[in-house]
Amino acid sequence: MNAVLVVGATGTVGGLAARALHRQGAAVALAGRNAERLADRSLLPDDCPRRAFDAYDLDGCETLAPWAARSLGFLDRVVVAVGVAGFGRAEDVDEAAAEHLMTVNALAPMAVVRGALPLLGAGAAVAVVTGRVVDAPPQGMADYAAAKTALAAWLGVVGREQRSRGVRVVDVRLPHLEGGFAARAVTGSPPKLPPGADPAAAVERHLLAPLAGAPGSPHGALPGTPGAPQL
């Protein structure tokens, strides 16, 4: 049985991952930024330990994996699905919004993984959601794309560093999904977007399958709609 920490469990992607892993028989620890949603047993597995966190508290993010390992008895899988969208030309994004985008989309996931690595042994795996925006950053999303690209570059190096230990690091480059992520941007307004991919199907094929070691598309990515910003 796997013991899994899901960070971002109160979001669409993290919640789907947590429920699927629980159905598969994994022991799951839940960490989420929305304390009210985290406490709702009808939305998340009822018997899972849970902990609220603040993405701006990087020290707190680094303690999530040790907490999960204590709660579950051990830890061999980590899913990190946290992020926030932001839109606007570079000159229109103020420094507070730029800092927020970099902290939530890059520094917080890095801190979670940094805290998890010393606890993981051979055969363990970490899956972190970045996005297809890394492959083709569109205009009007410079700060968001920069944060996700920084995270992707960091994960690439960490993956090479951990290979000798037998720990897999999966960069999950999901496309634009249905679910309202773009509408909750911290700055700016999203452009008109085509219909997004089905979240449940994308999570199953391109996050959970690579996490389990099953074959998947490169980086866990799902082909997006040509010409559409991939979040």
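Within the span defined as segment 96-104, every residue fails to be assigned to a loop (DSSP other than H, G, I, E, B) and of a type outside the set (Asp, Glu). Taking the criterion of being in a loop (DSSP other than H, G, I, E, B) and free of Cβ contacts under 8 Å to residues at least 40 places away in the same chain, the only residue of segment 108-147 that qualifies is PRO137.
Given the residues GLU95, GLU62, which is the only one that is farther than 26 Å from ALA200 by Cα and surrounded by 15 or more Cβ atoms within 10 Å (Cβ to Cβ)? Only one candidate passes the filter, namely GLU62. For the residues PRO195, PRO190, the requirement of being buried (at least 18 other Cβ atoms within 10 Å of the Cβ) and more than 30 Å from GLY123 (Cα to Cα) singles out PRO190.
From VAL84, VAL80, VAL104, grab the single residue that is under 25 Å from VAL170 (Cβ atoms), surrounded by 14 or more Cβ atoms within 10 Å (Cβ to Cβ), at pLDDT below 95 and not charged (D, E, K, R). Talk me through it step by step, then tell me what you get.
On the way: VAL80 fails: at pLDDT below 95; VAL104 fails: at pLDDT below 95.
Testing whether each residue is under 25 Å from VAL170 (Cβ atoms), surrounded by 14 or more Cβ atoms within 10 Å (Cβ to Cβ), at pLDDT below 95 and not charged (D, E, K, R) leaves just VAL84.
Each row is one residue, and each column tells you yes or no for (1) closer than 20 Å to MET1 by Cα; (2) assigned to a loop (DSSP other than H, G, I, E, B); (3) under 18 Å from the mean Cα position of the chain (by Cα).
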{"residue": "PRO45", "(1), (2), (3)": "yes, yes, no"}
{"residue": "LEU75", "(1), (2), (3)": "yes, yes, yes"}
{"residue": "VAL79", "(1), (2), (3)": "yes, no, yes"}
{"residue": "GLY83", "(1), (2), (3)": "no, yes, yes"}
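Among the residues of segment 148-167, those identified as touching a residue at least 12 places away in the same chain (Cβ under 8 Å) and either among the aromatic types (Phe, Trp, Tyr) or surrounded by fewer than 17 Cβ atoms within 10 Å (Cβ to Cβ) (or both) are TRP154, GLY156, GLY159, ARG165, GLY166. Under the condition of being surrounded by fewer than 17 Cβ atoms within 10 Å (Cβ to Cβ), under 18 Å from VAL104 (Cβ atoms) and not small (Gly, Ala, Ser), the residues counted in segment 1-57 number 5. ALA69 meets each of the listed conditions (1) without any contact (Cβ under 8 Å) to a residue 60 or more places away in the chain; (2) more than 20 Å from VAL129 (Cβ to Cβ); (3) in a helix (DSSP H, G or I); (4) not aromatic (Phe, Trp, Tyr) apart from (1).
The values are calculated or read from the model by the stated rules, or taken from the named source; none is laboratory data. Just so it is clear, the structure is predicted and the values come from calculations on it, not from any experiment. Positions of Cβ are generated from backbone atoms using ideal geometry, with glycine treated the same way; all protein chains shown enter the neighbour counts.
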